[in-house]
Amino acid sequence: MFVAIFGVIPTALAVLSGFGLMLHLGVPFVIIIKNAPFLVLGVGVDDMFVMISGWQKTKLVDSIRHRMSRTYSKVAVSITITSATNILAFYTGIMTSFRSIQYFCIYTGTTLFFCYLYNITCFGAFMALDGTREVACLRWLKKPNAPNEKCSALKRCCCLPFDSLPDEQEADIHPMNLFFRDYFGPFLTYKKTKFFVVLLYLLYLTSSIWGCFYVQEGLDPRNLASDDSYITPYFDAEEGYFSLYGPKIMVIVTETFDYWDKDARQKLERCLADFEKNGYVEKTLTEFWLREYVQYMKDKNQDINDKNTFMNSISRFFLDFPHFKYDVNISSSHEITSSRAFVQSIRISTSTNKKKMLIQLRQLAKNCEIPLMVYNPAFIYFDQFTAIIENTVRNVIVASVAMFIVSVLLIPHPLCSLWVTFAIGSVIVGVTGFMAFWHVNLDSISMINLVICIGFSFDFSAHICYAFVSSSMPSANDKAIEALYMLGYPVLQSAVSTIIGVCILSAAEGYIFRTFFKVMFLVMLFGAAHGLIFIPVFLTFL
């Protein structure tokens with residue numbers, strides 16, 4: 001218990017070191033980085049559980065140096081693999097086009113590096129000190145009992161975790177390890193159980209793939225505020241009563257243009273007419289100062305095609321139509337350097353329509369002979385719809401390839417590397433599919449969690465696969481049982497502790513934090529299911 005308590009200290013040190021270094025280097029701190037300590041806590045105690053599990057399988061009769069040597073020989077490679085892949089998974093997130101995700105991945109990846117460093121050094125020292133305590137306690141317990149029975153009871157209470165005197169010649173086996181060795185492992189290797197596990201996996205995979213087709217894209221602006229913010233009822237009312245019409249889109253002429261030239265004006269009109277023909281634009285609600293100005297000049301019997309007349313009359317036009325004054329930018333040299341028109345978007349209530357509208361209007365602006373740009377402040381949200389899938393797929397593929405390369409280099413069995421990569425893909429599909437069932441959108445927040453998903457799904461599967469291929473047992477079933485005996489309990493502890501670490505976020509008033517909890521819960525649940533159920537069964541088919 002005391003070792004586990006001290007095992008949280010390296011995680012706290014890692015957060016201080018990682019965050020301190022990034023802030024010292026001037027990396028911006030954005031709101032979603034507040035999720036990082038909860039995540040690092042889960043990862044840090046994962047390694048701690050694996051190290052404690054290896055330590056518990058050593059013999060008290062051996063020296064501290066020998067016990068540490070055997071512990072590190074059993075778990076250090078596994079921890080190094082999983083830590084390296086977690087760090088790589090986060091650093092691949094730097095390739096995304098979303099700045100907030102880049103900063104989150106930089107902070108978390110760096111903090112995980114410090115977490116690994118402190119676990120293999122600082123926490124190793126804690127275990128060595130506890131080993132000294134164990135030897136001292138054992139000698140104390142073997143002394144003749146004192147006349148005071150209360151003192152004897154106190155000795156046993158302080159020194160013995162399971163109220164039994166440990167055997168110096170044998171490892172102190174935890175009851176949960178015995179459960180995985182004597183009950184869960186043999187049960188999982190029965191033929192009928194394997195058949196049921198395969199059916200269960202097919203059901204899981206089918207449901208996940210089905211859910212992937214129903215995941216919504218993009219971050220709803222109302223989710224950026226807390227639940228009690230006035231923004232939420234505002235957007236609800238807008239969606240309920242004004243969903244037919246979207247925002248007004250600015251069509252901006254970005255360079256100096258000869259507005260007085262008739263041919264040039266016709267080119268501009270043709271481009272504007274193309275916008276009005278688009279299915280997501282209401283053509284009767286276009287606002288363009290130049291159209292009004294041409295009509296104004298005709299009513300005044302002025303020559304609109306003469307540059308001097310055009311420029312000298314425009315100030316009087318703004319006096320009669322002041323709302324157009326801010327649509328024209330006139331330089332000190334009396335040149336119109338830029339101007340804008342407004343087109344009204346329509347029927348873009350869904351994320352799919354917003355994405356299509358944005359792509360089509362930008363393409364129309366690109367195809368125009370005149371340099372145009374379309375813009376509205378809401379485009380910062382619409383851009384997510386166009387980029388989120390591309391960024392997610394790219395990050396997932398790159399991170400998965402990195403995981404595969406690391407596993408090939410560090411796990412001495414190529415086929416097991418393929419199984420680990422398979423587990424990564426399977427967990428990603430499962431998490432993405434069940435996001436739809438839990439009403440979680442595919443946005444920049446959940447995309448972070450999918451990157452995390454790669455690291456954690458690798459962790460659970462890599463631990464079991466490495467133990468499987470390292471086993472000296474003769475049959476595949478015996479190898480699977482030994483792998484579960486060695487690492488089944490630490491994997492279970494890792495999943496449960498990480499869920500506990502992030503469960504506090506489920507009560508948060510912000511969508512960002514609740515989404516982090518939901519996706520992390522799915523990642524832990526499916527990752528543990530693959531590590532403890534699916535992968536051990538599938539490995540026996542080798």
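The values are calculated or read from the model by the stated rules, or taken from the named source; none is laboratory data. Fair warning: this is a prediction, and the values are worked out from it, not measured in the lab. Here the Cβ is made from the backbone with ideal geometry for all residues, glycine too, and neighbour counts use every protein chain on show. Calculation scope for accessible area: heavy atoms of the full protein, side chains included, ligands and nucleic acids excluded. Shrake-Rupley method; radii C 1.70, N 1.55, O 1.52, S 1.80 Å.
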Exercise for the section: Residues being in contact (Cβ under 8 Å) with a residue 12 or more places away in the chain, open to solvent by 30 Å² or more (accessible area, probe 1.4 Å) and not acidic (Asp, Glu): count how many of those fall in segment 378-405. Expected result: 6
Handout entry: Index of the failed condition, Ile5 passing every other in (1) touching a residue at least 60 places away in the same chain (Cβ under 8 Å); (2) in a helix (DSSP H, G or I)
Key = (1)
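Would you mind stating whether His463 is open to solvent by 10 Å² or more (accessible area, probe 1.4 Å) and over 27 Å from Ala483 (Cβ atoms)?
No; evaluated as a whole, the condition is false for this residue.
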Practice task
Residues being at pLDDT 80 or above, under 20 Å from His530 (Cβ atoms) and touching a helix residue (DSSP H, G or I) at 6+ places or on another chain (Cβ under 6 Å): count how many of those fall in segment 494-517.
Solution key: 2
Practice task
Evaluate segment 405-416: report whether one residue or more is assigned by the TED database to the domain that holds Ser207 and within 26 Å of Thr206 (Cα to Cα).
Solution key: yes
Exercise for the section: Would you be able to say whether some residue in segment 295-306 is touching a residue at least 40 places away in the same chain (Cβ under 8 Å) and of a type in the set (S, T, N, Q)? Expected result: yes
Practice task
Quick one: Gly109 ticks every box in (1) free of Cβ contacts under 8 Å to residues at least 40 places away in the same chain; (2) open to solvent by 40 Å² or more (accessible area, probe 1.4 Å) except a single one, so which number is it?
Solution key: (2)
Practice task
Filter segment 421-447 for residues that are over 18 Å from Ala495 (Cβ atoms), aliphatic (A, V, I, L, M) and assigned to a helix (DSSP H, G or I) and give the result.
Solution key: Val429, Met435, Ala436, Ile445, Met447
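The rows are residues; the columns are (1) at pLDDT below 70; (2) more than 16 Å from Val3 (Cα to Cα); (3) open to solvent by 40 Å² or more (accessible area, probe 1.4 Å).
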| position | (1), (2), (3) |
| --- | --- |
| Asn145 | yes, yes, yes |
| Ser208 | no, yes, no |
| Pro221 | no, yes, no |
| Leu224 | no, yes, yes |
Fill in the blank from the handout: Expected single match for in contact with a strand residue (DSSP E or B) (Cβ under 9 Å, 6 or more places away or on another chain) and surrounded by 18 or more Cβ atoms within 10 Å (Cβ to Cβ) among Leu442, Leu484 is Leu442
Exercise for the section: Determine whether segment 172-181 contains at least one residue that is open to solvent by 40 Å² or more (accessible area, probe 1.4 Å), touching a strand residue (DSSP E or B) at 6+ places or on another chain (Cβ under 6 Å) and at pLDDT 70 or above. Expected result: no
Handout entry: Out of Val469, Val420, Val427, sole residue that is β-branched (Val, Ile, Thr), open to solvent by 20 Å² or more (accessible area, probe 1.4 Å), in contact with a helix residue (DSSP H, G or I) (Cβ under 7 Å, 6 or more places away or on another chain) and modelled with pLDDT of 75 or more
Key = Val469
Exercise for the section: Specify which of the listed residues (Tyr201, Tyr214) is at pLDDT below 90 and among the aromatic types (Phe, Trp, Tyr). Expected result: Tyr214
Problem - Criterion: open to solvent by 10 Å² or more (accessible area, probe 1.4 Å), within 15 Å of Trp419 (Cβ to Cβ) and charged (D, E, K, R) - qualifying residue of Lys479, Lys518 - result: Lys479
Practice task
Examine segment 28-40 for a residue that is out of contact with any Pro (no Cβ under 9 Å at 6 or more places or on another chain) and within 30 Å of Arg133 (Cα to Cα), and state whether such a residue exists.
Solution key: yes
Exercise for the section: Considering only residues that are open to solvent by 50 Å² or more (accessible area, probe 1.4 Å) and modelled with pLDDT under 80, look in segment 60-87 and name the one that is nearest to Ile445 (Cα to Cα). Expected result: Val77
Practice task
Check every one of the helices (runs of 4 or more DSSP H) wholly within segment 448-542 and list those with 1 or more residues that are more than 24 Å from the chain's Cα centre (by Cα) and farther than 25 Å from Thr71 by Cβ.
Solution key: 476-503, 535-539
